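The values are calculated or read from the model by the stated rules, or taken from the named source; none is laboratory data. Small disclaimer: the values here were computed from a predicted structure and weren't measured. Cβ atoms come from the backbone with ideal geometry, glycine included; neighbour counts cover every protein chain shown. Protein only, heavy atoms only, side chains kept; ligands, DNA and RNA dropped before computing areas. Shrake-Rupley method; radii C 1.70, N 1.55, O 1.52, S 1.80 Å.
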Amino acid sequence: MISLKTIENTAAVLMKKAAVEIPNDYLSGLKAMAKVEDGDLSSFVLQAMLENYEVAKEDSRAMCGDTGCPRWYIKMGNESSIEGGPVALESALRRATASATSSIPLRPNRVHPLWRTDHDNNVGIGAPEIEYGFEPEGDWIDLITVHKGGLFGTDYRMLFPSDGIQGIKRFFLDSLVSFGKRGLACQPAIIGIGIGGSKDSCMVLGKRAACLRVVGDKNPDPKIAELEEEFKELGNSIGMGAMGFVGKSMVIDCNIEVGYCHTGGMQMSVHAFCLSSRRAVARIYDTGDVEYRTDPNWFTAYQRRETVEW
Amino acid sequence: MVSQKTLTKIQLNTCPTADELAELNIGDVVYLNGLVYTARESVYTGVLDGDLEIPSEFNISEGANFHCSPAANQHEDGSFSLGAVSATASFRFSKWIGRWLEKTKSKIVIGKGGMSTNDYAKHFVPNKTIYLTTVGYGTGALLGRGVKKVKSLYWKKELGLAQAMWVLEVKNFGPFLVECDIKGNSLFEREHKKISLKIDKIYEGTRPAILKRLGETDDRKDELI
């Protein structure tokens with residue numbers, strides 16, 4: 001039985017890690033880009049960001065003033081059990097989100113969409129989002145927090161089989177060009193692409209591809225992995241860099257996830273996970289042991305299964 | 001590391017002289033000293049169309065208008081903790097900025113992504129105001145370091161922490177880039193024009209989507225704000 005107290009304490013640590021520490025995979029990717037960026041303004045921006053990560057860590061303050069919208073992904077091993085059950089788990093995550101907002105501090109971003117009511121704690125109707133996944137074995141749960149930032153860089157379009165790969169490529173470019181102007185997507189970003197599913201699951205797949213896969217990760221389908229590489233190169237060849245200045249730093253990495261869709265359609269979504277790619281992960285075991293990491297490792301073979309039975 | 005042209009770095013008071021402003025060029029790197037106040041949707045509507053009065057103890061013309069909500073908190077004893085500060089996208093404030101500058105006479109607007117050259121020509125140039133963009137976005141921790149003190153917080157109860165007006169004392173607060181100079185030139189537009197020259201090439205071989213959207217443009221050279 002995993003104790004509620006361990007969950008709440010771990011969640012509090014994760015909230016801070018996500019806000020303050022840039023994950024190593026993203027940092028390595030950005031350093032590699034900074035080495036080859038030859039646009040003077042774009043290069044200045046990358047250097048300033050690298051310095052900013054250092055300062056955030058030294059001062060233990062959030063990397064970015066827009067600390068995003070905290071959300072939770074919970075992965076449960078099939079043999080795990082939680083003290084108080086799922087309702088207690090959700091309360092613990094909401095408490096951790098609220099208390100971290102004032103203690104770190106985070107920006108209280110979450111408001112009522114119509115009345116703009118702000119509880120000053122990032123908690124409200126449907127906030128933080130809590131999503132679930134399961135794994136066939138294990139007496140552990142993974143807590144993953146993502147503080148996704150930005151109002152820009154995301155789009156959805158219903159394409160059709162006859163649009164083909166060229167149509168996918170065009171929508172990918174359109175998304176980068178439109179949100180890359182003036183740097184509204186806070187690029188260079190991890191670009192997540194969802195293809196297929198239905199409108200809602202397509203958006204979910206793309207967002208998870210951006211936020212729950214790390215830089216350097218490849219889709220296990222070799223043809224999709226090739227597309228990921230091709231799209232990354234394509235995005236970095238537009239001629240646009242950080243903040244929409246002349247340069248080549250748009251895409252730190254491109255991750256594509258697919259889901260089976262209606263036979264007549266080919267849904268596509270594009271998501272940008274920004275220069276402050278805030279994610280932090282911990283696995284809590286039944287024994288009470290806690291292991292921290294930055295790779296959510298969400299997309300296991302089980303999550304991508306195609307078969308009826310497992 | 002690829003060799004770079006060095007950008008000009010300048011320290012500037014938030015209440016600068018006309019001469020100091022005239023010397024700035026788009027693309028210069030600026031660090032600010034003085035007073036910065038946050039004002040976005042709710043402050044603009046509250047002051048310009050509602051019943052909020054700019055507090056008289058604060059000479060707003062000496063402050064820079066920052067399109068921002070800080071990651072900050074006020075404790076029960078009234079003290080503050082302020083971590084990171086970053087800008088929010090400014091193009092959304094176009095409908096208020098003219099009247100705001102007229103009323104406050106602020107000489108510096110700081111934000112994300114700039115505003116349109118039309119806004120600059122209509123509202124910034126006549127008031128001799130420049131626009132500085134944050135870098136990144138955002139170098140929130142670096143900017144947080146530049147905040148020496150929260151001087152005051154207005155309308156927390158009415159507007160909430162994120163939309164309230166924070167008045168901040170800043171020192172070596174930056175970096176920012178000059179996006180709009182005193183003549184209304186725009187750094188983003190200059191860069192956008194350069195990138196647009198080659199944009200068609202990257203699209204070669206792709207096709208427009210079979211199902212169109214109403215109002216869709218296929219010209220990537222268009223500005224979107």
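Results, tabulated for the structure shown:
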quantity	calculated
Solvent-accessible area buried by A and B, counting both chains, probe 1.4 angstrom, square angstrom	5600
Threshold 40 Å², region A:236-273 residues less accessible with all protein chains present than alone (1.4 Å probe)	A:ILE238, A:MET243, A:PHE245, A:VAL246
Average beta carbon contacts from partner chains per residue of A:116-127, 10 Å cutoff	2
Choice from B:ALA39, B:ALA209, B:ALA71 showing the highest fluctuation, given a GNM over chain B with Cα pairs closer than 10 Å	B:ALA209
Aspartates and glutamates with Cα under 12 Å of A:LYS232, excluding same-chain neighbours fewer than 8 positions away	A:ASP253
Nitroxide proxy distance, nm - points 7 Å out along Cα→Cβ at A:ASN78 and A:GLU306	2.2
Cα-based Kirkwood hydrodynamic radius, region A:184-273, one decimal, Å	13.1
Beta bridge orientation in region A:150-273: antiparallel %, DSSP, nearest 5	60
For residues of A:177-190, the mean tally of beta carbons on other chains within 10 Å	5
Exposure of A:CYS261 as accessible area (Å², to 10), given a probe of 1.4 Å and all protein chains	60
Set B:LYS149/B:LYS183; A:LYS35/B:LYS9; B:LYS95/B:LYS221; B:LYS107/B:LYS221 screened for pairs whose C-alpha atoms are more than 26 Å apart	B:LYS149/B:LYS183; B:LYS107/B:LYS221
Mean Cβ neighbour count within 10 Å, used as a protection proxy, ranking B:13-22, A:183-192 highest first	A:183-192, B:13-22
Solvent exposure of chain B as accessible area per residue, Å², 1.4 Å probe	44
Chain-alone versus full-assembly comparison, region A:131-172, residues with accessible loss of at least 20 Å² (1.4 Å probe)	A:LEU151, A:PHE152, A:ARG157, A:PHE160, A:SER162, A:ASP163, A:GLN166, A:ARG170
Euclidean distance of C-alpha centroids, region A:1-38 and region B:174-219, integer Å	32
Proximal lysines relative to A:LYS57, as straight alpha-carbon distance under 20 Å, when same-chain residues fewer than 8 apart are discounted	A:LYS16, A:LYS17, A:LYS31, A:LYS148, B:LYS148
Translational D in µm²/s for region A:36-148 (Stokes-Einstein at 4 °C, 1.567 mPa s, Kirkwood Rh from C-alpha pairs)	78
At least 50 Å² of accessible area lost relative to the chain alone, listed for region B:116-151 with a 1.4 Å probe	B:GLY136, B:TYR137, B:ALA141, B:LEU142, B:ARG145
Zone residues, region A:114-135, relative to A:SER91, backbone N less than 17 Å from point 7 Å out along Cα-to-Cβ	A:124, A:128
Peptide A:50-63 - average C-beta neighbours from other chains (10 Å radius)	6
Qualifying GluC sites (Glu not before Pro) in region A:91-184, DSSP loop, other Cβ atoms within 10 Å at most 11	A:GLU137
Region A:150-273, dipole about Cα centre (Lys/Arg Cβ +1, Asp/Glu Cβ -1), debye to the nearest 20	340
Accessible solvent surface per residue of region A:150-273, calculated while the other protein chains remain in place, 1.4 angstrom probe, Å²	32
Whole-Å distance, taken between Cα centres, linking region B:136-172 and region A:160-197	34
Fully extended contour minus Cα-Cα distance, from B:LEU7 to B:GLU204, at 0.36 nm per residue	67.5 nm
For chain A: rounded, prolate or oblate by the Cα gyration tensor [a/c cutoff 1.5]	oblate
FRET efficiency, 1/(1 + (r/R0)^6) with R0 30 Å, evaluated for B:LEU211 and B:ARG190 via beta carbons	0.25
Pairwise centroid distance, computed over Cα atoms, of region A:43-120 with region A:221-281, Å	24
By accessible area with a 1.4 Å probe, ligands and nucleic acids excluded, highest first: order of B:ILE108, A:ILE130	A:ILE130, B:ILE108
Portion, in percent, of the accessible area of the protein assembly as shown that falls on carbon or sulfur, probe 1.4 Å	52
Cα gyration tensor shape of region A:111-184, rounded if a/c is under 1.5, else prolate or oblate by comparing a/b with b/c	oblate
Efficiency of FRET from Cβ geometry, A:GLU131 and A:TYR292, R₀ 22 Å, rounded to 0.05	0.65
Distance in nm between pseudo-label sites at B:LYS122 and B:LYS95 (7 Å out along the Cβ direction from Cα)	1.2
Cysteines (scope the protein assembly as shown) whose Cβ has no counterpart Cys Cβ under 4.7 Å	A:CYS64, A:CYS69, A:CYS202, A:CYS211, A:CYS254, A:CYS261, B:CYS15, B:CYS68, B:CYS180
Beta bridges by DSSP in chain B, antiparallel share as percent, to the nearest 5	60
Cα gyration tensor category, rounded, prolate or oblate, for the protein assembly as shown with a/c compared to 1.5	oblate
